[in-house]
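Read-outs: derived from the displayed coordinates by stated rules, not from any lab. Every value quoted in this text rests on a predicted model; they were computed, and no experiment measured them. Cβ: placed from backbone, ideal geometry, glycine included. Neighbour counts: every protein chain shown.
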Amino acid sequence: MLVTFDSMSHREARAEVTDALREVGEAHPLFLPSAVGGVFMVKIDKDPKEAVRKLNAFCRADPPRFQYTYHWIPIERWCPSTIDEMVGVVREFAERIKPDESWRMEIHKRFYRAFHTDELIEKLAQHVDRPKVDLKNPQKTIRVEIIGSEAGLSLLGPEEHLSVNKVKAETLAKAERY
């Protein structure tokens, strides 16, 4: 999984990741080397999607517990960041999107200049033969995280990605209504 964090608080963010993962049953997360400041690459033994679903619930129940991390993204598949390799994975994911489900594609690039983000979306999304595109509230998101020559891809439901700041904003808005 990838976890983005405040790069000025590396030690605190790492402790936050370790503690949060322990709370969802992951006793020994393995922090892999990352060439990108502010991004942890973390290998866990548990299902990363299930871990993020639980972390999402924890964050909604107690948003201040997440002070140093921003995004928690489970990665299903790693592949080279060439168009052909990524297309292969996108095609596999497209088959898992039901014809009546809405979807979108989200791409985040780091140290990758081969294509502009819009070009990448066009080249990859054309291989998803599902008619219901919803850019705001999709049932499935094909998430592409490119770090240089490697790409991590996932097919995610709404609760399988944690955006801490989004949860905090939603929680604050909800509290202000009452």
Provide the per-residue ³J(HN,Hα) series for region 121-136, in order, calculated from phi with Karplus coefficients 6.51, -1.76, 1.60 and θ = phi - 60°, each as a whole number of Hz, with x at glycine and proline positions. 4, 4, 5, 8, 5, 5, 9, 10, 8, 10, x, 8, 8, 9, 7, 9
Angle between the chain longest axis and helix 83-95 axis [Cα atoms, degrees, rounded to 10]: 80
With the cut-off at 1.5 for a/c, could you classify the chain from its C-alpha gyration tensor as rounded, prolate or oblate? oblate
Residue among Val42, His161, Pro29 farthest towards the positive dipole end of the chain, charges placed on Cβ: His161
Sequence-distant residues sharing a close amide H with Ile147 (under 5 Å, placed H): Arg110, Gly152
Once the in-chain neighbours fewer than 8 apart are removed, the lysines whose Cα is under 30 Å from Lys174 read Lys49, Lys54, Lys132, Lys136, Lys140, Lys166
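Given the rule -39500 (n - 2.57) for each run of at least 4 DSSP H residues, summed and divided by the residues of the chain, what is its mean residue ellipticity at 222 nm, to the nearest 500 deg cm²/dmol? Kindly include the intermediate steps, with their values, before the conclusion.
Working: 5 runs with 64 residues, N = 178.
Only helices count here, giving -11500 deg cm²/dmol.
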Name the residues whose placed amide hydrogens come within less than 5 Å of the amide hydrogen of Arg77, ignoring near sequence neighbours (fewer than 5 apart) on the same chain. Leu153
C-alpha long axis of helix 10-23 to longest principal axis of the chain, angle in °: 90
Calculate, for Asp19 and Val87, the FRET efficiency according to 1/(1 + (r/R0)^6) with r their C-beta to C-beta distance and R0 25 Å; round to the nearest 0.05. 0.05
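Once the piece of chain linking Val36 and Gln67 is laid out straight, how much longer is it, given 0.36 nm per residue of separation minus the C-alpha distance between them? Walk me through the numbers before you get to the answer.
Numbers: separation 31, 0.36 × 31 = 11.16 nm, distance 1.99 nm.
That pair, Val36 and Gln67, stretches by 9.2 nm at full extension.
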For a protection proxy built on the mean count of beta-carbon atoms within 10 angstrom, sort 48-56, 116-124 highest first, please. 48-56, 116-124
Filtered hits (aspartates and glutamates, Cα-Cα < 16 Å from Lys123, offset >= 8 within chain) -> Asp84, Glu85, Glu92, Glu106, Glu145
Between the helical axis of 164-177 and the dominant principal axis of the chain, each derived from Cα atoms, what acute angle in degrees is found, rounded to the nearest 10? 70
